[in-house]
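Participant: Right, I'll just put the structure down here and ask away after.
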Amino acid sequence: NTKGANTFEIYFDKLNYNTKYIVQIKAINANSESKWSEPIVFTTELKSPTILNPPNKSIDVPEKGRFEILTDYSQFNFYLQVALDSNFQYLIIDKIGVLEEVSEYSLNNETTYFSRLMQIKDSNRSRWSDKIVFITRKLNSIQQIEDNEIFIYRNYKNQSIVIRINNIKKLDNVAIYSLTGNKVLESKIIENLVEIDVNSINKGIYLVLINSKCNQVLKSRILYFY
C-alpha cells in the first residue's frame, strides 16, 4: 500500500501467536538491487483465551464459583474483568494473576454480569476474549445438583455419553453445545440412566448442560470428543 514516493506498507497474515519474527527488506529493479535493510524484530500477540463456563447468556449461575477457561498458556498471567455493563465502566472484578487466583469469583444474587479475559506475558498481551453475559441465580431458585447426584462419563466402545442421575424429579433435558454456542444435540431425561449417541458430533470441545423443568442450568460439564 503506497504512502508516498518512499513509503509503503507490507501486510502479514497467518503468523503464529506469541512468536518472535525478524523482517528485512530490500529494493530490486531491472538493473540493480539495494542492500538489506536493518532487521526489524517483533513478537506477535498471545492467543486470546476463551471463557467456557458460565456459558454466554446463561441464567441461574451460582453466585460463587470459578470460571472455566480454555487457554494455550496456562502458565502465564490472566487479566479478568467482570462488570455491570457491557462497556466495562462499572467494574466489580478487575484483577491480574495466575489462573487459580483469577478464575475464582464471588458475586451477588439476581444480577446481570458481563465478563471478559485476556492473557499477559511480560509486555505481551492477547486481545480480549469474546464477552459473555450471565445472570446469577435467585435466592429461592433451585440449587445446583450435588456432585454425588449426577455422573457424566464417556462410553468409548459405543461412542456415547452416559449420564447416571440419582434424582430426576427436577430435571428436564441434556443439551450439548459447541464453543460457538450452537446446540448440536438434546435429549429428554425420562429415566435415571441417559445414553446419548455422539457419533455424529465432530471432534472438539463441547459443553454438556443439564437443564431443569424451569429451563435453568443445574449442572454443566466440559467434554473432549476425539
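The values are calculated or read from the model by the stated rules, or taken from the named source; none is laboratory data. This one's a predicted model, so the numbers in the text were calculated from it and none came from an experiment. Cβ atoms come from the backbone with ideal geometry, glycine included; neighbour counts cover every protein chain shown.
For every residue, the table says whether it meets (1) among the β-branched types (V, I, T); (2) at pLDDT below 90; (3) closer than 29 Å to S178 by Cβ; (4) in a strand (DSSP E or B).
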{"site": "F42", "(1), (2), (3), (4)": "no, no, no, yes"}
{"site": "I59", "(1), (2), (3), (4)": "yes, yes, yes, yes"}
{"site": "I69", "(1), (2), (3), (4)": "yes, no, yes, yes"}
{"site": "F78", "(1), (2), (3), (4)": "no, no, yes, yes"}
{"site": "I93", "(1), (2), (3), (4)": "yes, no, yes, yes"}
{"site": "E100", "(1), (2), (3), (4)": "no, yes, yes, no"}
{"site": "R125", "(1), (2), (3), (4)": "no, no, yes, yes"}
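Participant: While we're on this one: Determine which member of the set Y206, Y153 is aromatic (F, W, Y) and either at pLDDT below 75 or not in a strand (DSSP E or B) (or both).
Facilitator: One residue alone meets the criteria, Y153.
Participant: Cβ-Cβ below 6 Å, separation at least six or inter-chain, first residue in the range 25-48 and at negative phi, second part of a loop (DSSP other than H, G, I, E, B) and among the aliphatic types (A, V, I, L, M): which pairs?
Facilitator: S34/A27; S37/I25; T44/L15
Participant: Testing K188 on (1) surrounded by 13 or more Cβ atoms within 10 Å (Cβ to Cβ); (2) at pLDDT 80 or above; (3) more than 30 Å from I93 (Cβ to Cβ), one condition comes back false. Which one is that?
Facilitator: Result: K188 passes all but (1).
Participant: Could you check how many residues of the range 170-200 are within 19 Å of the chain's Cα centre (by Cα) and in contact (Cβ under 8 Å) with a residue 12 or more places away in the chain?
Facilitator: Number of matching residues: 7.
Participant: To continue, here is another question. Being surrounded by 12 or more Cβ atoms within 10 Å (Cβ to Cβ) and at pLDDT 85 or above is the requirement here; does V174 meet it?
Facilitator: Yes: the conditions hold for V174.
Participant: Of the residues L80, L117, L52, which single one is farther than 20 Å from T19 by Cβ and free of Cβ contacts under 8 Å to residues at least 60 places away in the same chain?
Facilitator: L80
Participant: Please list, ordered by first then second residue, the pairs with beta carbon atoms under 6 Å, 6 or more apart or interchain, first in the range 1-14 and part of a strand (DSSP E or B), second modelled with pLDDT under 70 and β-branched (V, I, T).
Facilitator: F8/T2
Participant: Would you confirm, using the coordinates I've provided, whether K14 is out of contact with any Phe, Trp or Tyr (no Cβ under 9 Å at 6 or more places or on another chain), loosely packed, with under 15 Cβ neighbours inside 10 Å and at positive phi?
Facilitator: For K14, the condition - out of contact with any Phe, Trp or Tyr (no Cβ under 9 Å at 6 or more places or on another chain), loosely packed, with under 15 Cβ neighbours inside 10 Å and at positive phi - is met.
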